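Student: For reference, the structure I am asking about is given below.
The values are calculated or read from the model by the stated rules, or taken from the named source; none is laboratory data. Keep in mind that this is a model prediction, so the values were computed, not measured. Note that we place each Cβ from the backbone using ideal geometry, even for glycine, and neighbour counts take in every protein chain shown.
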Amino acid sequence: MTADLPSPLRLRRATLSLITLLGGVSLAVIPAATVAISSRLFSRPEQGIIAVAVMVATFAGQLTFAVVLESRLSSAATERRVVFPLWLAGLALVAAGVIALNARNPIVLCLGLPLLIAALEVGRGVSVAERLDLREIWASVTVGLGALTGVLAAFTGQDWALIPLVAGIALATLVRCLPVTHRASRPEPAVMGWVVADTAITGVIYPLLNTMILTLIGPGEAVLFTAIATVSGLLAIPLNFMRLRLLKEHSRLDIAVSAGAVLAAVVVLVVLERTGVLGFIFGGVWTSSAAILPLVLACGWRAASLATTIPFAALRRMGEVRLLTGLRAAVSVMAFALAGVGLALHSLSAVFLGLLIAELASAVVYELARRRRVRAAALVVAAAA
């Protein structure tokens, strides 16, 4: 446990945790940078398709993450070790090369994005879970520089703006697939099945919602939904970091660091919106709509995951994958229904409000389930004594 470490080592670990957490910005900026670059390179209908593709790619990344990482971290009977698979690295490098050679083709971009996002999700997840902090710092820097260069090139009207973006991802992939001294644990098949089902049920909501927004409201609102979801994804960085660490072991230090980072991220996003930076990055899609209210609601939705993640990770450590899948399915249906009401009203604010209410409800559901599980375990121990 972190509390058992000597003070200097605990401070060093906290510092590296904070730096690694901040490096997660590089993962969050890729969808946002893709949308920003697309707004300068492609027509509005093409932007709408790319916006949906970004959501689909994020979903594909979550599924790959569930198969490669989360299934192993949830297999309580194993050592729960993970590595970055070379097959995924190879596919991501090929996708980066094809996109670089066809930088003005939106279809190629849409097809390659799932592989790139999956490599980013898994690569970063392995580094965080196995505490490969120094490696992750270098990988995050290359991704961030590539995204920044691509966005700046797009702002100046360069048609090759996607090339530095995918080049940064390719370099980070090479760094993250360097050899390690341990082998990946073999996940328990039953656990993997439940974890993947859990992720699929939960993650499919957002690309489905954005597809419906594209169809019913139009490409402009679909792009704005993706832009707000990806920008508010800045808050998901510390939350995902905390979930990975808590899946290994409970740590008050990591919870405190993550909570502080969530609060700081909310402040940063509000400042960026009020000063016009986000409008400058995303262009007319952002400035032509009142984005501040849906952005605040989206931040509330993301921040509410802080209360959800702690009991969720505790249940995963207990091996309650079947229970969690059932709970997540019920919560997902509720989230989709509430967001659907907002969609019927043609209001992005109402969509994000529905997602926020569902997240708060899920936190209560998971905590009640955790307490019930703890009480049941205590009764078993008492009966055995």
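Student: I'd like to know if segment 268-280 contains one or more residues that are buried (at least 16 other Cβ atoms within 10 Å of the Cβ) and of a type in the set (Phe, Trp, Tyr).
Tutor: The answer is no; no qualifying residue exists.
Student: Among residues belonging to segment 77-102 that are assigned to a loop (DSSP other than H, G, I, E, B) and within 24 Å of the chain's Cα centre (by Cα), point out the one that is nearest to Leu247 (Cα to Cα).
Tutor: Arg80
Student: Hey, among the residues in segment 22-51 that are in contact with an Asp or Glu (Cβ under 9 Å, 6 or more places away or on another chain) and among the hydrophobic types (A, V, I, L, M, F, W, C), which one's modelled with the highest pLDDT?
Tutor: By that ranking, first place goes to Leu41.
Listed here are the residues, each with its yes/no results for (1) within 21 Å of Lys248 (Cβ to Cβ); (2) touching a helix residue (DSSP H, G or I) at 6+ places or on another chain (Cβ under 8 Å).
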site	(1), (2)
Ala51	no, yes
Val54	no, yes
Val67	yes, yes
Glu79	yes, no
Val83	yes, yes
Val98	no, yes
Glu121	yes, yes
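Student: Answer yes if at least one residue in segment 133-148 is of a type in the set (A, V, I, L, M, F, W, C) and within 27 Å of Pro45 (Cβ to Cβ), and no otherwise. Steps first, please.
Tutor: Filtering segment 133-148 down to residues of a type in the set (A, V, I, L, M, F, W, C) leaves 134, 137-139, 141, 143, 145, 147-148.
Keeping just the survivors that are within 27 Å of Pro45 (Cβ to Cβ) gives 147.
Taking every residue of segment 133-148 in turn, at least one turns out to be of a type in the set (A, V, I, L, M, F, W, C) and within 27 Å of Pro45 (Cβ to Cβ).
Student: Taking the condition modelled with pLDDT of 90 or more and charged (D, E, K, R), does Glu367 pass?
Tutor: yes
Student: Can you tell me which residues in segment 132-166 are in contact (Cβ under 8 Å) with a residue 40 or more places away in the chain, more than 30 Å from Arg245 (Cβ to Cβ), surrounded by fewer than 23 Cβ atoms within 10 Å (Cβ to Cβ) and in contact with a helix residue (DSSP H, G or I) (Cβ under 6 Å, 6 or more places away or on another chain)?
Tutor: Val151, Ile163
Student: State which residue is nearest to Ser251 (Cα to Cα) when the search covers only segment 284-329 and only residues that are surrounded by fewer than 19 Cβ atoms within 10 Å (Cβ to Cβ) and of a type in the set (Gly, Ala, Ser).
Tutor: The extreme case among them is Ala307.
Student: I'd like the full set of residues that are charged (D, E, K, R) and either at pLDDT 80 or above or under 25 Å from Gly112 (Cβ atoms) (or both), limited to segment 55-87. Before the answer, list the steps.
Tutor: Going through segment 55-87, the residues charged (D, E, K, R) turn out to be 70, 72, 79-81.
Passing the criteria: Glu70, Arg72, Arg81.
Student: Any residue in segment 148-157 that is at pLDDT below 90, assigned to a helix (DSSP H, G or I) and either closer than 22 Å to Ala92 by Cβ or not polar (S, T, N, Q) (or both)?
Tutor: So far as segment 148-157 goes, yes, one or more of its residues are at pLDDT below 90, assigned to a helix (DSSP H, G or I) and either closer than 22 Å to Ala92 by Cβ or not polar (S, T, N, Q) (or both).
Student: Could I ask something else about it? Could you please find all residues in segment 288-337 being closer than 15 Å to Glu70 by Cα and of a type outside the set (D, E, K, R)?
Tutor: Residues satisfying the conditions are Thr309, Phe312, Ala313, Ala314, Leu315, Met318, Gly319, Val321, Leu324, Thr325.
Student: Go through segment 357-382 and give me each residue that's within 25 Å of Leu293 (Cβ to Cβ), of a type outside the set (Gly, Ala, Ser) and buried (at least 20 other Cβ atoms within 10 Å of the Cβ).
Tutor: Glu359
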